Amino acid sequence: MTSHALSCSFAAALMLCGVASATGADDSGLVTPQILIVDHSLPAAQLRAQVLAARRYDSFWNNGDEALARAALAQDFMDRTLPAGRAQGVAGPLAASKFVRTAVPDLRCDVEQMIVAGDRVVAHLHFRGHFSGRFNQTQGQGQTIDFIATDIYRISDGRIAENWHLEDNLTFMQQLGLASH
């Protein structure tokens, strides 16, 4: 870690970086990273905007609130690891969330750690819930769902312009009972 990086709890990192005002009306109720690592050389306003955009998007994955995704994503948002069959742009994550929440209605997403450097934010996400809904033709029986994902966001003008993501889909499919161990 360079002398310009800082790693600590979310609240401590915000205070030490001069962005204590990042908590307030705009971000109340958003998921909070367990660990926040920041490039201390970033201007406080840029850091605040990047963390807010990432927290809004991660909170969308936590609760399915489409308004949070729309607030976090740029109008010309590009998914750089677009899965087959998913629409490009903002419509893609909105549809993906609905699809997953049909299978796992109680899906929640914790942010294990968030790293902010330059115009990038990396989020290590942990998804949990129960397969009590429907996934294509398969009805869930309450199986536990527990898998991870990592996202890399490029932030421009306070919104996520691009996203590269990798989910542990094999574990997810195994937990749904649709892939063997």
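Brief remarks follow.
- Residue list for the stretch 58-84, restricted to those being within 17 Å of ALA149 (Cβ to Cβ) and in contact with a strand residue (DSSP E or B) (Cβ under 6 Å, 6 or more places away or on another chain): ASP58, TRP61, ASN62, ALA72, LEU73, ASP79, ARG80, THR81
- Within the stretch 107-132, the set of residues being under 25 Å from ASN163 (Cβ atoms) and of a type in the set (Gly, Ala, Ser) comprises ALA117, GLY118, ALA123, GLY129.
- For the stretch 156-181, the candidate set comprises residues that are aliphatic (A, V, I, L, M) and under 13 Å from TYR57 (Cα atoms); within that set, the residue that is nearest to the chain's Cα centre (by Cα) is ILE160.
- Among the conditions (1) surrounded by 15 or more Cβ atoms within 10 Å (Cβ to Cβ); (2) more than 15 Å from the chain's Cα centre (by Cα), the only one that ASP65 does not satisfy is (2).
- Considering the stretch 128-155, and only residues there that are part of a loop (DSSP other than H, G, I, E, B) and crowded, with 16+ Cβ neighbours inside 10 Å, the residue that is farthest from the chain's Cα centre (by Cα) turns out to be GLY140.
- Criterion violated by MET78 - all others in (1) out of contact with any Phe, Trp or Tyr (no Cβ under 8 Å at 6 or more places or on another chain); (2) touching a residue at least 12 places away in the same chain (Cβ under 8 Å); (3) crowded, with 17+ Cβ neighbours inside 10 Å satisfied: (3)
- Subset tally (residues that are closer than 15 Å to PRO93 by Cβ and part of a loop (DSSP other than H, G, I, E, B)) for the stretch 30-65: 2
- Selection within the stretch 124-157 - within 19 Å of VAL90 (Cα to Cα) and touching a Lys or Arg at 6+ places or on another chain (Cβ under 9 Å): ILE152, TYR153, ARG154, ILE155
- Selected residue (criterion: modelled with the lowest pLDDT) from residues of the stretch 3-62 that are under 18 Å from ALA74 (Cβ atoms) and acidic (Asp, Glu): ASP26
- Residue that is surrounded by the fewest Cβ atoms within 10 Å (Cβ to Cβ) [pool: residues in the stretch 106-121 that are out of contact with any helix residue (DSSP H, G or I) (no Cβ under 9 Å at 6 or more places or on another chain) and within 18 Å of ASP168 (Cα to Cα)]: GLU112
The values are calculated or read from the model by the stated rules, or taken from the named source; none is laboratory data. As the structure is a computational prediction, the values presented were derived from the model and not from experiment. Note that we place each Cβ from the backbone using ideal geometry, even for glycine, and neighbour counts take in every protein chain shown.
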